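Data block below; observations after.
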Amino acid sequence: METEVLARWKEEKTFEQTVEKNKASGEEFVFYDGPPFPTGNPHHGTIFVSILKDLIPRYKTMRGYYVPRSWGWDCHGLPIETLAEKNLGIKEKTEIESTLGVKAFNDECRKIVSEFNDSWEIYIDKLGRWVDFGNPYSTASREFMESVIWSFAECYKKGLIYKDYRVNPYCYRCETPLSISDTRLDDATRPKQDRAITVKFQSETDANTYFLAWTTTPWTLPSNLALAVGEDISYAFVTVEKETFILAEALVSSFAKEFGEEPTIQKVTLGKELLGMKYKPLLPYFRDQNPNGFCVISADFVSTEDGTGIVHTAPAFGEDDYWTCRSHNIGVIAPVNEKGEFTDEVSHFSGRNVHEANPDIIKYLKEQGLVVRDETIEHNYPHCWRCRNPLIYRAVDAWYFSVEKIKEKLIANNALISWKPESVQEGRFGKWLENARDWNISRNRYWATPIPVWECSQSDCGHRVVLGSLEELETKAGSTLEDLHKENLDTIHFACEQCGSQMTRVPEVLDGWYESGSMPYGQFHYPFEHAEHFRSHFPADFIVEYTGQIRGWFYYLHVLSTALFDRPAFQNCLVHGTLLAADGKKISKSLKNYTDPMELMKKYGADALRAYLLSSHAVQMADLAFRDDGVEEMVKSLSLPLWNALSFFTTYAEIDEIDSEQLDLTQHESHLTDLDRFILSEIEITIRQVQEELDEYNVHEAAKYLPKFLDTLNNWYIRRSRQRVWAPEKNSPDKLAFYSVLYTTLQRFTQILSPFCPFIAESVWKALGNSESVHMSAWPTIDGTRCNEDLSKRVALAREIISAGLSLRSKASIRVRQPLQELQLAILEELSLESQLPAIQEELNVKSIAIIKDPSLIGERIGKANSRLIGPRYGKDAKRIFSALKSGNFTIDDDGKINIDELVLEHDEAQVVYVGKEGADVEAVKGAVLTFDFNISEELKIEGLARDLVRQIQELRKEADFNISDRIALAVQGGDQVLAAHENYITQETLTAERLPKLENADIEKTVVIGESNVTIQLSRIS
């Protein structure tokens, strides 16, 4: 079915038609599509967000908006470079410049991008997402890159971009610094085992006194330049044998193994008294290079949660260390090169990778007698988000965006954004903004937009030029530039305006986040083209991505938009959660703990996958343990019920030769029943509910109304209308009214279903006789005249009563086909159920209903407590609550809450139940209490057997593959008493035209047990 629909859409250009139909008259709805990398296949996460990116534009199109949506590719950055290195056999970054050349390397990156995996289009099509793949924007195009360098130049003019030497997360495999947010991506920070050591630093003034410091990065110890303490923390001088150790008093007990259970504490002093004390370096490398180093300093990040309360500080390899030492005029010494190897300055470990050198550094320190404790710990450690290598923190020259300068504007503009869920605004996004730090926007790589800065080669000149357009670049180059990548811009040199020396471009390229954050204007080549178009399409009405983008794309869009335009980049933002494997673990190719989305779509259909995800709480940022059977469940609760409803309509409409002109509902208004008016009310209410929720981007709330309505349509309206369809007269007013109501209801439901499940909606729409696509139709206008909330409440209560009655029957082990004499019913709500009593009577198969005014005549009212909640919440009052609930000594307020004296219990804390008198079974729903007379007379028993016989005959009709309308000849041997009492009922229900003692050539024959008797049934088709 879905394959045929896809083919028809492409042949008829349905997507293009839906976009164009609103272009002239419709208001535009602006949607920004975050660009994915063109590498690899789509996974569960990208499939999920694609469904959301399809739903809202489809809905807005049906509401009359013009919603163009073009695809985009994020073509730059480490993901592409990593593939290029693999293809070219590059092991080290230095090979790119020294052996291969930047142009050849970037050419390979271009090739990868140009031959992007077409699986994206295959998956997206299969999913039913509509997007224009024919005109994608690319972050690697000359036009996009020109917009990026323009934004850089603008921000530089505003004083928001500067160069500095400071500590950043650093990947020595990729040989580039990263930003703080890169370490927050997905599982970039994850568990890692490391050796942690406690070392002793000898006092400069007392050879037997040592400061104890704990570190999880022993490789930074050769670069130690200070020890940090908390000024108001108490420090103990602990003597063990001939040595005295200084550490936080609160942590002395944690060294019982090393110090003994009752160590000798010579004195205790505050950290402020230790400031300025000098100590000897652990390793003999930099003693004379930093006159202000190797002393005790204060820092506010020191705590007594772990370690020793004294922090070893290496300013080149820790952000806190860097700023603390900088404030104390302690310089930076960084004896680690770009590859993460010790330089010759650290002679014992020269050329060794820092992590690999850890064991030998520990061994060396132990040989010097400087290690007090050596242990292995597991801690969360940052890794490169692309190559997965462990990161280090390293001081490097880099370019920074001064986020802190515009922090207040960022916070103010955040207040203008509508977030879903709302908690993101002041929660994760708001808190991230409050703590925002300047952004490292430079990377020491190749395949990205070059930083458009030229500096004078004369070191004491300091002149700098920023070029922000292709025109400026070509003027300086003296030639046309077809491409703006590094290999082309690096060849541009010109004379310094101040000293005449040569100006050379700085080597760095921009962070990929800068480029994706430039998408709003970059996709239009603003400001060089389409300036008015951009201004009318900014900010976006809507964007959506997963929770990781709170500190990623959402953040960088917000920063650049605020910096350039002092406006948010988007007005409405939906943040969805992360999809996990069924066991709650991360979805992993290596673990093979998930089913490929393509396989799921082939097995269950794309609509079932869409419905499963759209109705999940993952839409509202919750994590979802993805279950394949959850997709299967949507087939059962949505797809099949809709097909069943359609099949019922088309089957009987064909039998009765109903034509389209007879389906005009307005022709049958005078013949509508209460049941008809109910389902017409329900579909209008459902349209309103779905519309209201989608208008607020409450997608999962909107989605839940769809299966709910289908349940009402199938299991109430259609099931209770079967007798009308089975009436022999083809064109009776009642039958035509039913067909017109069901047709109208299916039409309108299919329209509101179409953004959620476009394939089945299209198929049903076509089966209903519509020539044009459902997606070309407008969202149905709510007919308020048909909304009858009172009727809906009455039917809802009736259905609850029926459900409770069926539960009572089940408890008593009495099948529904067995009639009972009486239902006793007390209605608690002020609703007239008179019109619903026949339905209740029929559904519960009772001869009569006795309305009881006083529910206490049926059962005793008590309260059922949720002790798990009441105990902790109410403390000493809990006993009083339990007693009152058990005795029924409470009142019910207008909200249905239980009141016990001054206490008001919430709905989740207690609920009202009824206990039957003298052991009778009683059921209670919110608006009623009920019980049955379970005494079964012989007459009732025989009637129940007649119903059993009808069921067996119907089953045989199915087995014989008779058509629904076929009349039959019936012979029954046995069950004479049943036949005698209920022959008319049996023949009418089974479409029996002729009843005979025996059939010689029956189409089907079977012996079954009815009650305690064997009964042989024979059937033959007559017509």
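The values are calculated or read from the model by the stated rules, or taken from the named source; none is laboratory data. Predicted model only: the values in this text are computed from it and were never measured. Here Cβ is always computed from backbone atoms with ideal geometry, including for glycine, and neighbour counts include all displayed protein chains.
Taken over the stretch 176-218, residues that are touching an Asp or Glu at 6+ places or on another chain (Cβ under 9 Å) and not in a strand (DSSP E or B) amount to 9. Can you pull out the residues in the stretch 345-376 that are of a type in the set (D, E, K, R), within 17 Å of residue 202 (Cβ to Cβ) and out of contact with any strand residue (DSSP E or B) (no Cβ under 9 Å at 6 or more places or on another chain)? Across the stretch 345-376, the qualifying residue is only 367.
Here the condition is being within 20 Å of residue 811 (Cα to Cα) and not hydroxyl-bearing (Ser, Thr, Tyr); of 1015, 925, 1009, 978, it holds for 925 alone. Restrict the check to the stretch 320-338 and report whether at least one residue is aliphatic (A, V, I, L, M), within 18 Å of residue 225 (Cβ to Cβ) and under 40 Å from the mean Cα position of the chain (by Cα). Checked against the condition, which is being aliphatic (A, V, I, L, M), within 18 Å of residue 225 (Cβ to Cβ) and under 40 Å from the mean Cα position of the chain (by Cα), the stretch 320-338 yields no hits at all.
Checked against the criterion of being touching a residue at least 24 places away in the same chain (Cβ under 8 Å), farther than 30 Å from residue 15 by Cβ and out of contact with any Leu (no Cβ under 8 Å at 6 or more places or on another chain), the stretch 143-150 has at least one qualifying residue. Exactly one residue out of 863, 871 is within 25 Å of residue 800 (Cα to Cα) and either loosely packed, with under 12 Cβ neighbours inside 10 Å or under 39 Å from the mean Cα position of the chain (by Cα) (or both): that is 863.
Taking every residue in the stretch 255-278 that is within 23 Å of residue 371 (Cβ to Cβ) and pairing it with any residue that is among the small types (Gly, Ala, Ser) and surrounded by 13 or more Cβ atoms within 10 Å (Cβ to Cβ), at least 6 positions away or on another chain, the pairs with Cβ-Cβ distances below 6 Å are 265/236. If only residues of the stretch 88-120 that are at pLDDT 90 or above and of a type in the set (A, V, I, L, M, F, W, C) are counted, the one that is farthest from the chain's Cα centre (by Cα) is 100. Taken across the stretch 462-482, residues that are under 43 Å from the mean Cα position of the chain (by Cα), loosely packed, with under 15 Cβ neighbours inside 10 Å, not β-branched (Val, Ile, Thr) and not in a helix (DSSP H, G or I) do occur, with at least one present. Given the criteria surrounded by fewer than 12 Cβ atoms within 10 Å (Cβ to Cβ) and outside the structural domain of residue 950 (by TED's automatic domain parsing), does residue 880 qualify? Taking the combined requirement at face value, the residue does not satisfy it.
If we keep just the residues of the stretch 10-46 that are over 16 Å from residue 610 (Cβ atoms) and among the hydroxyl-bearing types (Ser, Thr, Tyr), which is modelled with the lowest pLDDT? Going through the qualifying residues, I end up with 39. Scanning the stretch 9-25 for residues that are surrounded by fewer than 16 Cβ atoms within 10 Å (Cβ to Cβ), part of a loop (DSSP other than H, G, I, E, B) and of a type outside the set (Lys, Arg) yields 24, 25. Of 477, 448, 495, all but one fail to be in contact with a Leu (Cβ under 9 Å, 6 or more places away or on another chain) and over 21 Å from residue 74 (Cα atoms); the exception is 477. Beta carbons closer than 7 Å, at least 6 apart along the sequence or on distinct chains, pair a first residue in the stretch 754-768 that is among the β-branched types (Val, Ile, Thr) with a second that is outside any loop (DSSP other than H, G, I, E, B) for 760/607; 760/639; 760/642; 764/642; 764/646; 764/746; 764/750. Of the residues making up the stretch 608-632, those that are touching a strand residue (DSSP E or B) at 6+ places or on another chain (Cβ under 8 Å), surrounded by fewer than 23 Cβ atoms within 10 Å (Cβ to Cβ) and assigned to a helix (DSSP H, G or I) are 617, 620. Selection of the stretch 103-133 for residues being closer than 27 Å to residue 67 by Cβ, hydroxyl-bearing (Ser, Thr, Tyr) and surrounded by fewer than 16 Cβ atoms within 10 Å (Cβ to Cβ) yields only 119.
Looking across the stretch 483-506 at every residue that is part of a strand (DSSP E or B) and touching a residue at least 12 places away in the same chain (Cβ under 8 Å), the one that is surrounded by the fewest Cβ atoms within 10 Å (Cβ to Cβ) is identified as 502.
Residues that are farther than 26 Å from residue 230 by Cα and either hydroxyl-bearing (Ser, Thr, Tyr) or in contact (Cβ under 8 Å) with a residue 60 or more places away in the chain (or both): does the stretch 285-300 have at least one? Yes, the stretch 285-300 has at least one match. Residues in the stretch 785-823 that are among the β-branched types (Val, Ile, Thr) and not in a helix (DSSP H, G or I): 814, 816.
Here is a yes/no grid of residues against (1) in contact with a helix residue (DSSP H, G or I) (Cβ under 8 Å, 6 or more places away or on another chain); (2) of a type outside the set (Gly, Ala, Ser):
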site: 928; (1), (2): yes, no
site: 934; (1), (2): no, yes
site: 974; (1), (2): no, no
site: 982; (1), (2): yes, yes
site: 1007; (1), (2): no, yes
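As a summary of the residue check, residue 75 satisfies the conditions (1) touching a Pro at 6+ places or on another chain (Cβ under 8 Å); (2) without any contact (Cβ under 8 Å) to a residue 60 or more places away in the chain; (3) not β-branched (Val, Ile, Thr) except for the one numbered (2). The set of residues in the stretch 900-920 being modelled with pLDDT of 85 or more and surrounded by 14 or more Cβ atoms within 10 Å (Cβ to Cβ) consists of 900, 903, 905, 909, 910. Is one or more of the residues making up the stretch 377-387 surrounded by fewer than 19 Cβ atoms within 10 Å (Cβ to Cβ), among the β-branched types (Val, Ile, Thr) and either touching a Cys at 6+ places or on another chain (Cβ under 8 Å) or modelled with pLDDT under 90 (or both)? The answer is yes, given that some residue of the stretch 377-387 is surrounded by fewer than 19 Cβ atoms within 10 Å (Cβ to Cβ), among the β-branched types (Val, Ile, Thr) and either touching a Cys at 6+ places or on another chain (Cβ under 8 Å) or modelled with pLDDT under 90 (or both). Residues in the stretch 827-868 that are in contact with a Gly (Cβ under 6 Å, 6 or more places away or on another chain), at pLDDT below 85 and closer than 20 Å to residue 916 by Cβ: 828, 859, 861, 862. Scanning the stretch 546-566 for residues that are in contact with a Phe, Trp or Tyr (Cβ under 6 Å, 6 or more places away or on another chain) and either aromatic (Phe, Trp, Tyr) or not in a helix (DSSP H, G or I) (or both) turns up 551, 556. Residues in the stretch 47-84 that are of a type in the set (Phe, Trp, Tyr) and touching a helix residue (DSSP H, G or I) at 6+ places or on another chain (Cβ under 6 Å) were compared, and the one that is modelled with the highest pLDDT is 59. For the residues 33, 54, the requirement of being more than 26 Å from residue 110 (Cβ to Cβ) and in contact with a Lys or Arg (Cβ under 7 Å, 6 or more places away or on another chain) singles out 54. The set of residues in the stretch 654-669 that are part of a helix (DSSP H, G or I) and either in contact (Cβ under 8 Å) with a residue 24 or more places away in the chain or touching a Cys at 6+ places or on another chain (Cβ under 7 Å) (or both) comprises 655, 660, 662, 663, 665, 667, 668.
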